[in-house]
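What follows is calculated from the coordinates using simple rules that are stated; it is not laboratory data. None of the values given here were measured: they were computed from a predicted structure. As a convention, Cβ positions derive from the backbone with ideal geometry for all residues, glycine included, and neighbour counts pool all protein chains shown.
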Amino acid sequence: MDFSLSEDQELFRKFVRKYLVDHEQTKIARDYIAQEVVNTKKVIAGLDELGCTQLNIPEDFDGMGLGQLDLVPIFEEYGRVLMPGVYLETSAIVVPLLKKYGTEDQKQTYLTKIANQEIRATVAWLEPGNSYAEKGIQLAATAHNGALLLNGIKTQVPDCELATHMLIPFRNEQRVTLALVPLDAQGVTVRAQENFDETRKLSEVTLSQVVVEAEQLIALNEDGFAVLTESLLTYNASLSSVIVGAMEQIVHTASEYANIREQFGQPIGRYQAIKHRLADMKLQLETARSLSYYANWAIETHSEDCSEAVYSARIFATEAFIEIAAQNIQIHGGIGFTEEIDCHLFVKRSRFYENYLGTNVDYYDRAIQALNWVGMNEAVRN
């Protein structure tokens, strides 16, 4: 079975890579850290013009009508440069949700605007003192003149500065419901929070009498939490691709440094200890890549083992990312701890993904359930 990318997919990757190289790769993330948000938005707009936002949107809604595998090289290139923004959340969570559960009017409105770079969506899931489990969603709506009112707080919402909308899970008559809410809606207040990974800026979002109309509700007649959990399959398959891109850049950087850094009259890359470490890093990269490709293929083909494939890719890629990011600092030595080079950026991003939209422990539980290693009645949501 061949999971290699097609010639067209690799060609599109080259366009995206050239664009990011022209903008000095991780300088984009560093500009975002330095609060130069205008520069970051310009780079994102350029990527959108290349067609990144249109890839997996049907042609009827101004998209290209391509599949999950066509996103893989784009996500990898985003990972290589630690690209700021909510492209992952928009393309891998919101778009699949709208395609499957959106009404025709919602598709026409939201998918078209996403394709035309008018909407970028972040995810406002977590609440203060709660988890990503179903019982952690406590924000409750109240009925008002045929609409709903939201009052409460969502925390650790990523990159609100670079988003226009939020996907919000909340309770409506005890059932979890999903809504797409503009960040500039009346009653929405955004307050910046500290985050050790400054390339993903977090915010606390306060909702005060925020009106949610019926057309903003996604999958209204479905189990909202089940729908949200289902969307995590596409998200985690896509995330594994982002991580593969970051890991590839780490291995490249470590190998390059090992060939130029000399100790006792020769490059440190000639020493067996460094050779073995680099070989282990390369092995982890290629294993993560294989798992990622299979996970994305399973999503696109609706394979029976989709859940197992996706959760396995997420778990391995996340853990391997953390390990090789740390190994990269060891190879660089003292300079690896400085802010002048990129080692620390990858370490921080690896730890961010360890706990974003679920922890590794959560995904081990999901993988065990998908493999039928526990009784089917034991719900992950508890």
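Listed values, structure above:
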item: GluC sites (Glu not before Pro) within segment 7-71, DSSP loop, no more than 16 other Cβ atoms inside 10 Å; result: Glu24, Glu36
item: Residues Gln108 and Ala133, FRET efficiency given R0 of 30 Å [Cβ-Cβ distance, rounded to 0.05]; result: 0.30
item: Fully extended contour minus Cα-Cα distance, from Asp8 to Gln263, at 0.36 nm per residue; result: 87.4 nm
item: Pairwise Cα inverse-distance average, inverted: Kirkwood Rh of the chain (Å); result: 21.5
item: At R0 = 25 Å, FRET efficiency that the Cβ-Cβ distance of Glu323 and Val190 yields, to 0.05; result: 0.10
item: Residue among Thr26, Leu97, Cys52 farthest towards the positive dipole end of segment 1-144, charges placed on Cβ; result: Thr26
item: Among 104-115, 303-314, the order from most to least packed when residues are scored by Cβ within 10 Å on average; result: 303-314, 104-115
item: Charged-residue dipole, Cβ positions (Lys, Arg, Asp, Glu), the chain about Cα centre, Debye nearest 20; result: 840
item: FRET efficiency, Glu173 to Asp305 (Cβ-Cβ, R0 41 Å, nearest 0.05); result: 0.70
item: Hits among lysines - C-alpha to C-alpha of Lys107 under 22 Å, sequence gap 8 or more where chains match; result: Lys99
item: Cα long-axis angle, helix 306-332 against the chain (0 to 90 degrees, to the nearest 10); result: 40
item: P(r) histogram, all alpha-carbon pairs of segment 235-382 included - 10 Å bins from 0, percent; result: 12, 36, 29, 16, 7, 1, 0
item: Cross-link pairs Lys154/Lys201; Lys135/Lys348; Lys42/Lys348 - those with Cα-Cα distance over 18 Å; result: Lys135/Lys348; Lys42/Lys348
item: Volume per residue of the C-alpha convex hull in segment 7-119, rounded to whole Å³; result: 88
item: With Cα atoms, 0 to 90° folded angle of helix 343-355 axis to the chain main axis; result: 40
item: 13 Å reach of a label modelled at Leu50, 7 Å along Cα-to-Cβ, counting backbone N of segment 279-305; result: none
item: Angle in degrees between helix 37-50 and the longest Cα principal axis of the chain, rounded to the nearest 10; result: 90
item: Sequence-distant residues sharing a close amide H with Gly85 (under 5 Å, placed H); result: none
item: Whole-Å distance, taken between Cα centres, linking segment 214-285 and segment 79-130; result: 22
item: Cα-projected label distance for Gln117 with Ala279, points at 7 Å along beta-carbon direction, nm; result: 4.7
item: Orientation-averaged projected area, Cα convex hull of segment 139-261 (nm²); result: 9.5
